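Accompanying notes for the structure given below.
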Amino acid sequence: MPVSFAPANVEYIRFLPEIVLIVAGTLLMVLDVILRKQSREIYGHISILALAAAMAAAVFAYSSPGPAFSDMLIVDGFATFFRVLVIGVGILTVLSSYRFLEREGAETGEYHALLLFSIAGQCVMVSANELIMIFIGLEISSIASYVLAGYLRDDKRANEAALKYFLLGSFATAFFLYGVAVVYGMTGSTYLTAIHTVLSGGPTAPAPVFIGVAVALMFVGLGFKVSGAPFQVWAPDVYQGAPTPVSAFLTTGPKAAAFAIFLRIFMTAFEPIARDWYPLLWGSALLSMIIGNFAALMQSNIKRLLGYSSVAHAGYVLVALAARSQVGTAAAMFYLAAYAFMNIGAFAVVSHLSGKGERFLSVDDFAGLGVRQPGTAALLSIFLLSLIGVPLTGGFFGKLYIFKAALDSHLVWLTVLGLLTSAVAAYYYLRILVVMYMREPNEHPAELEPLSLGLRAALVIPALGTLFLGIFPAWVLDFAGRSAALVR
Amino acid sequence: MNLLDIVLAIPLVGFFVLLFVPRAAEGAIRAIALGFSLLAFAASLGLAFQYETIRPGEQFVTDIVWVASPNIHYHVSLDGLSLWLVILTTFLTPICILISWQSIQSRIKEFFAMMLLLEVGLAGVFAAQDLFLFYVFWEVSLVPMYFLIGIWGHERRIYAAVKFFLYTFAASVLMLTAIIYVYNHAHTFNYPEILAKLASGTLHFSDFEQKLLFLAFFVAFAVKVPIFPLHTWLPDAHVEAPTAGSVMLASVMLKMGTYGLARFCLPMFPGPARAYAPWIVVLAIIGIIYGALVAMVQPNMKKLVAYSSVSHLGFVVLGIFSFTQIGMDGAVYQMLNHGISTGALFVLVGFLYERRHSLAIADYGGVATPAPWLSTVFMITMLASIGLPTLNNFVGEFLVLQGSAQANFRWTIFASIGVILSACYMLWLYQRVFYGETPDEVRHHVFDLKPREWAAIVPLIAMMVWMGMYSQSFLPAVRKTTARILEQTQVNVEVRVQAPAAPTAPTFRAATAYRAATVRERSHAR
């Protein structure tokens, strides 16, 4: 029987979100040339529409789950969860960018186009079922992100951030690619399920040394992407230097997608040798939690503080990975969703307060916010309490599920140490609350503009999401739990 | 939805109502807060009337699924241990709102909203019968208290608030680990069910596991009590908190620790609890004497009362870890007594502060001349706190000392020193503040009780007398439950020691662990 390479119609449906995003991104590029300075906001509106359509497409694609394009992509619950997550992150990022771009007088067309391309790359990543596909998605996402990090051309810190991000990110991708090459050499396949079969044993199983090298190389590459220690050095610099809405995006969207491929590769392809790789994750998780939380204690710049906190939170998710179980996978998925809400919300407040040129970024600039803008302060309190992990917020249930999964897998010490570092973390989040509510405003406080509509949405939606995940965690967790069975 | 749910819901509804009241309507905000807290108190009185004293088990049970997996329930109920503590919470909240009527002048809306939220958290802690729900309430009550201290406190409020939060939070994450660990073995957070499984032997922890789990719970509770040497957050928090915050902190929040010890540490891990009891009692006695001695030399009234709390709570811990019926009864009764009398002391110190704007004892003297009624009320409260017969603390302390004497007479000797010392520091305080020369500042600023203040203090005084004269109104319900707790500490120990032949634990791992434990125990027995 002749093999047909023409994809069936249903395969296009499964690829629909990516198609929508790429088309819309290209359209924005073209419109940018045609419209030129007509209206800044139109690009934002278009990208919101495109993202909404992509999200609908992602949900629609899940109505006919299955593989696409010779099994290179797969639409399953896992992929759908992360597609919706990264697209949702994109919507919130666009909402919080309106006012920022206007304030900084930046070009808007390219910004939104790059954002859409980056999200398209992440959608490819999370639904890829094959290492080359994963790599392509990773590159699409990363290259757009590098440019976004340095989007404010005239800003020295943004330039530094972009360069650093680009150089280290390229190294990381190279490591990852080496890993792919070695795996292909050892197992003769780049399909995750095929690798799983080969590694499961039998006479053709490769020597542990070589496969160990492959795992280590991929671990380095992915560790960079998720900013897990000891590969976290770039993270605080980049998150501090990048434009604030972009920092919010980078700490949530690309990171969630990177964790998605981390989970998929390690829980599918490398699942048979889990016993050999989990100590790596164990160490990396603990190191991330310790470095992230203790370094954040000493920060006075709020973006840098959140940058280190993001390293710590990567550590929590790595704990879930080290649990190497279905429960752990579900916990990681839940946590990434909760983290996306609370972190985007926190960064949106920072972006609101920082003022033109992002001058007001010190923790002390939050002084008296509780009096000057009680609403904003209350919303930020929700995000901070969730980051601490206080009950009735998404962050709490996220931590609970992660450490429960870890205890299930007998990682008692990792749990105890992890929870203790999270108690340390309470201090630096509390410091922001203290300054906000318990200090008088500075003598000459920066003028506060009222919240713009976009920012208001970018604050209220995450706040509601955080509380929703904290009070009714079951909906999301059930879906995550059902989708977490990656080994087929 | 039964009466208990209503009691828990009323302040929560009040909290949300307050969020929507305009900031400027200060009178309305105060009235709404007071109204809802009084309503909650009235409803909680219904609990006392409907409670069936003869039944030891859970009453007013509500058990509905909150999260399906992991299996978390909204499971609340009351028994003799928690009934009075819930009522204590609802009793003190309106009083705290009354005394904050005028003393709180900034961010009034937030303050009263926080008070109501605190009430929900505290009452919930005592009512929760699901380990997870318990932890949720435990942490949720932390947040409003943190803001109460940090926003409306005195000069060093930020330091005190952060210290308070971090101490409690760090200790309670250990408890969370232990709770998850228990869940992973018991497959339920339902506390009565866990106890039943422990009693029947279907759930079993090795000795080593039991010790670690016990310690994880114990440290979380010990910080809250606080047991010496984990008490250092307490003087700071008390002194810096606004009066209402101090009252809630001393009267209710500290009881979360002793309640947890009696409710969870003893029945779940009776082995380690008994093994460590002598050490814990020694810490309690150190707390009794050390707290009293430090209280004696305090120049600051609030700090004096704060250290006296360390001393008084030592009695409660002593009573619990005496493992005697009388000692346990006394401990529970003493929790309530301390809530009433120390709460009243903080209220009265708050009154003095509102007049003279100082907490330093040296700034006072001869207050009895301009404010005779205030002095009288203070006198009664002070005598109650010392433990004068016919007033409430006497009953509790007597029972605790009797119970500890049954367990080990030497404990009683040392603990009694604390009673004597408490008379010393209290009488000396009274003498310095109320007698002697009246300085001009005191003469000009201190006036007698106003009607609103009367309304706040009279219920407290009435309770002191009632609880001192007729403890039979309260003790029978307590006794049923404490007897059951003691029984549980017996049963679980015996099951462990006798080691039934065939373990019913389902998994191989659990079975081997079980066998290893029994072998160890047999070799110990030899």
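The values are calculated or read from the model by the stated rules, or taken from the named source; none is laboratory data. Predicted model only: the values in this text are computed from it and were never measured. As a convention, Cβ positions derive from the backbone with ideal geometry for all residues, glycine included, and neighbour counts pool all protein chains shown.
Table for the structure above
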{"quantity": "Residues that are aliphatic (A, V, I, L, M) and surrounded by fewer than 17 Cβ atoms within 10 Å (Cβ to Cβ), drawn from region A:14-28", "calculated": "A:I19, A:V23, A:L27"}
{"quantity": "Selection status of A:L451, over 23 Å from the mean Cα position of the chain (by Cα) and facing another protein chain (nearest Cβ under 8 Å)", "calculated": "no"}
{"quantity": "Residue selected from region A:405-445 under the condition aromatic (F, W, Y) and buried (at least 20 other Cβ atoms within 10 Å of the Cβ), by the criterion farthest from A:S310 (Cα to Cα)", "calculated": "A:Y437"}
{"quantity": "Residues located in region B:14-33, provided they are within 30 Å of B:D79 (Cβ to Cβ) and either of a type in the set (G, A, S) or surrounded by 15 or more Cβ atoms within 10 Å (Cβ to Cβ) (or both)", "calculated": "B:G14, B:F15, B:A33"}
{"quantity": "Which listed residue, of B:V76, B:V61, is in contact with a strand residue (DSSP E or B) (Cβ under 6 Å, 6 or more places away or on another chain), over 22 Å from B:Y181 (Cβ atoms), among the hydrophobic types (A, V, I, L, M, F, W, C) and buried (at least 24 other Cβ atoms within 10 Å of the Cβ)", "calculated": "B:V76"}
{"quantity": "Count - residues of region A:29-63 that are modelled with pLDDT of 85 or more and not in a helix (DSSP H, G or I)", "calculated": "2"}
{"quantity": "Qualifying positions in region B:167-209 - outside any loop (DSSP other than H, G, I, E, B), within 12 Å of another protein chain (Cβ to nearest Cβ), more than 23 Å from the chain's Cα centre (by Cα) and not charged (D, E, K, R)", "calculated": "B:I180, B:Y181, B:V182, B:Y183, B:N184, B:H185, B:F208"}
{"quantity": "Where a residue in region A:469-482 is over 17 Å from A:G395 (Cβ atoms) and its partner, wherever it lies, is part of a helix (DSSP H, G or I) and of a type in the set (S, T, Y), with Cβ under 9 Å and at least six apart", "calculated": "A:F479/A:T80; A:G481/A:T329"}
{"quantity": "Any hit, region A:197-211, residues being on the phi > 0 side of the Ramachandran plot and of a type in the set (G, A, S)", "calculated": "yes"}
{"quantity": "Filtered residues of region B:227-241 (kept if in contact with a Gly (Cβ under 7 Å, 6 or more places away or on another chain), farther than 23 Å from B:E155 by Cα and modelled with pLDDT of 85 or more)", "calculated": "B:I227"}
{"quantity": "Single unsatisfied condition, A:Q299 versus (1) touching a residue at least 24 places away in the same chain (Cβ under 8 Å); (2) part of a helix (DSSP H, G or I)", "calculated": "(2)"}
{"quantity": "Only one of A:A158, A:A144, A:A79 that is touching a Gly at 6+ places or on another chain (Cβ under 9 Å) and modelled with pLDDT of 90 or more", "calculated": "A:A144"}
{"quantity": "Verdict on B:F214 being touching a Cys at 6+ places or on another chain (Cβ under 7 Å) and either of a type in the set (S, T, Y) or not in a loop (DSSP other than H, G, I, E, B) (or both)", "calculated": "yes"}
{"quantity": "Top-ranked residue in region A:402-423 [being more than 8 Å from every other protein chain (Cβ to nearest Cβ) and assigned to a helix (DSSP H, G or I); ranked as farthest from A:L384 (Cα to Cα)]", "calculated": "A:W413"}
{"quantity": "Of the criteria (1) farther than 18 Å from A:V215 by Cα; (2) touching a strand residue (DSSP E or B) at 6+ places or on another chain (Cβ under 7 Å), which one A:A162 fails", "calculated": "(2)"}
{"quantity": "Residue list for region B:303-323, filter: among the polar types (S, T, N, Q) and under 20 Å from B:F221 (Cβ atoms)", "calculated": "B:S309, B:S311, B:S322"}
{"quantity": "B:A199 vs. criteria crowded, with 21+ Cβ neighbours inside 10 Å and either hydrophobic (A, V, I, L, M, F, W, C) or over 30 Å from A:S381 (Cβ atoms) (or both)", "calculated": "no"}
{"quantity": "Flag for A:L464 being under 30 Å from B:Y74 (Cα atoms) and under 26 Å from the mean Cα position of the chain (by Cα)", "calculated": "yes"}
{"quantity": "Considering residues of region A:303-318 that are of a type in the set (A, V, I, L, M, F, W, C) and under 17 Å from A:V424 (Cα atoms) only, the residue farthest from the chain's Cα centre (by Cα)", "calculated": "A:L305"}
{"quantity": "Residue among B:F134, B:F164 that alone is more than 10 Å from chain A (Cβ to nearest Cβ) and at pLDDT 90 or above", "calculated": "B:F134"}
{"quantity": "Residues (in a helix (DSSP H, G or I), in contact (Cβ under 8 Å) with a residue 60 or more places away in the chain and of a type in the set (S, T, Y)) located in region A:135-170", "calculated": "A:S141, A:S142, A:S145, A:Y165"}
{"quantity": "Helices (runs of 4 or more DSSP H) contained in region B:285-404 and holding at least 1 residues farther than 20 Å from B:S473 by Cα and of a type in the set (D, E)", "calculated": "B:325-356"}
{"quantity": "Residue in region A:73-80 that is of a type in the set (G, A, S) and assigned to a loop (DSSP other than H, G, I, E, B) present", "calculated": "no"}
{"quantity": "Breaking point among (1) more than 8 Å from every other protein chain (Cβ to nearest Cβ); (2) in a helix (DSSP H, G or I), for A:Y427", "calculated": "(1)"}
{"quantity": "Wholly enclosed helices (runs of 4 or more DSSP H) of region A:208-295 bearing at least 2 residues within 18 Å of A:Q122 (Cα to Cα)", "calculated": "A:208-226, A:244-264"}
{"quantity": "Residue check for A:P391: more than 16 Å from the chain's Cα centre (by Cα) and free of Cβ contacts under 8 Å to residues at least 12 places away in the same chain", "calculated": "no"}
{"quantity": "B:V143 being surrounded by fewer than 24 Cβ atoms within 10 Å (Cβ to Cβ), assigned to a helix (DSSP H, G or I) and either away from chain A (no Cβ under 11 Å) or modelled with pLDDT under 90 (or both)", "calculated": "yes"}
{"quantity": "From the options B:V120, B:V86, B:V61, B:V76, residue that is within 12 Å of another protein chain (Cβ to nearest Cβ) and of a type in the set (A, V, I, L, M, F, W, C)", "calculated": "B:V120"}
{"quantity": "Number of positions in region B:458-493 that are among the hydrophobic types (A, V, I, L, M, F, W, C) and either in contact with a Phe, Trp or Tyr (Cβ under 8 Å, 6 or more places away or on another chain) or crowded, with 18+ Cβ neighbours inside 10 Å (or both)", "calculated": "11"}
